[in-house]
Amino acid sequence: MKMASVFIPALMRKLTGGRDRVTATGRTIGQIIDSLESQFPGIRAQLIDGGDLKSSLAVSINGEMATGGLLEPVDDTSDIYLVPALSGGGL
């Protein structure tokens, strides 16, 4: 069975034993996060706040920025990148 590849940002790798890429099952980003939580307890709290993705997190699926939140569809060949939102000041 093929599974989606999930690329883990550096600041979250302590939750995955240092792994930068893991696999997960699911048809939506929410199900992928549930799969990650079953493998790596505690990761959900880093990704979800108040029933939706944290505002400080962006998700890219196969190179396209996802806008559907937890309901964004994925398939079992997707490359999913969890991207901490960049913050900073202006000029």
## Note on the structure
Across region 57-86, the tally of residues that are charged (D, E, K, R) and assigned to a strand (DSSP E or B) stands at 2
### Task
Pick out the one residue from Leu15, Leu11 that is touching a helix residue (DSSP H, G or I) at 6+ places or on another chain (Cβ under 9 Å), exposed (fewer than 14 other Cβ atoms within 10 Å of the Cβ) and not in a strand (DSSP E or B).
Leu11
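Here's the yes/no breakdown for (1) more than 16 Å from Val83 (Cα to Cα); (2) among the hydrophobic types (A, V, I, L, M, F, W, C):
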site: Gly18; (1), (2): yes, no
site: Glu37; (1), (2): yes, no
site: Phe40; (1), (2): yes, yes
site: Asp49; (1), (2): no, no
site: Leu57; (1), (2): no, yes
### Task
Could you pull out the residue among Ala24, Ala4, Ala45 that is of a type outside the set (D, E, K, R) and without any contact (Cβ under 8 Å) to a residue 12 or more places away in the chain?
Ala45
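One line per residue, one yes/no per condition, for (1) at pLDDT 95 or above; (2) over 10 Å from the mean Cα position of the chain (by Cα); (3) within 16 Å of Thr16 (Cβ to Cβ):
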residue: Ile33; (1), (2), (3): yes, no, yes
residue: Pro41; (1), (2), (3): yes, yes, yes
residue: Gly50; (1), (2), (3): no, yes, no
residue: Glu72; (1), (2), (3): yes, yes, no
residue: Ala85; (1), (2), (3): no, yes, no
residue: Gly90; (1), (2), (3): no, yes, no
#### Entry: region 20-56 - residue that is open to solvent by 60 Å² or more (accessible area, probe 1.4 Å) and part of a strand (DSSP E or B) and, of those, farthest from Lys2 (Cα to Cα)
Asp49
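The values are calculated or read from the model by the stated rules, or taken from the named source; none is laboratory data. Quick caveat: nothing in here was measured; it's all calculated off a predicted structure. Cβ coordinates were reconstructed from backbone atoms using ideal geometry, including for glycine residues, and neighbour counts include every protein chain displayed. These accessible areas exclude ligands, DNA and RNA; they are computed on the full protein's heavy atoms, side chains included. Shrake-Rupley method; radii C 1.70, N 1.55, O 1.52, S 1.80 Å.
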